[in-house]
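Just so it is clear, none of the values below were taken in a lab; they were calculated from the coordinates. The shown structure was predicted, so the numbers you read here are calculated from the model rather than taken from an experiment. Virtual Cβ from ideal backbone geometry, glycine too; neighbours counted across all protein chains shown.
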Amino acid sequence: MNPLDEDDREAFLGSHTGWTLAGESISKTYVHRDFKEAMAFVTQVALASEVADHHPDIDIRWNKVTVVLSTHSANALTDKDTDLASQFDGF
């Protein structure tokens, strides 16, 4: 697991709408129709995260869910983060 270089970071951000980079983390806020839909999304995120053994920070605000990913063990942004982010975009 290696830190992503600048080209990899730019490629990810260019192909994944709504994700932002802040230091060694990427984040995105997903907006849903209501709380129930937001919580269903959170359940999908939780299950995918467990399978990947990689867990995001999650902030829930009624119909908005913000996820933040960073590989803390590497103190860097890695492909573990972008792979999981790509899965979240598919939900």
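Condition first: in a strand (DSSP E or B) and of a type outside the set (Val, Ile, Thr). Now tell me which residues in the range 44-58 satisfy that.
ASP57
Does SER70 qualify as being in contact with a strand residue (DSSP E or B) (Cβ under 9 Å, 6 or more places away or on another chain) and either of a type in the set (Ser, Thr, Tyr) or over 18 Å from PHE91 (Cβ atoms) (or both)? It would help to see each step written out before you state the result.
On the way: in contact with a strand residue (DSSP E or B) (Cβ under 9 Å, 6 or more places away or on another chain): yes; either of a type in the set (Ser, Thr, Tyr) or over 18 Å from PHE91 (Cβ atoms) (or both): yes.
So SER70 passes the test.
State the number of residues belonging to the range 56-70 that are surrounded by fewer than 19 Cβ atoms within 10 Å (Cβ to Cβ) and either closer than 21 Å to GLU6 by Cα or not basic (Lys, Arg) (or both). Walk me through it before giving the result.
So in the range 56-70, the residues surrounded by fewer than 19 Cβ atoms within 10 Å (Cβ to Cβ) come out as 57-64, 66, 68.
With the extra rule that they be either closer than 21 Å to GLU6 by Cα or not basic (Lys, Arg) (or both), the set shrinks to 57-60, 62-63, 66, 68.
The qualifying residues number 8.
The rows are residues; the columns are (1) touching a residue at least 24 places away in the same chain (Cβ under 8 Å); (2) out of contact with any helix residue (DSSP H, G or I) (no Cβ under 8 Å at 6 or more places or on another chain).
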| site | (1), (2) |
| --- | --- |
| SER27 | yes, yes |
| ASP59 | no, yes |
| ASN63 | yes, no |
| ASN75 | yes, yes |
| ASP89 | yes, yes |
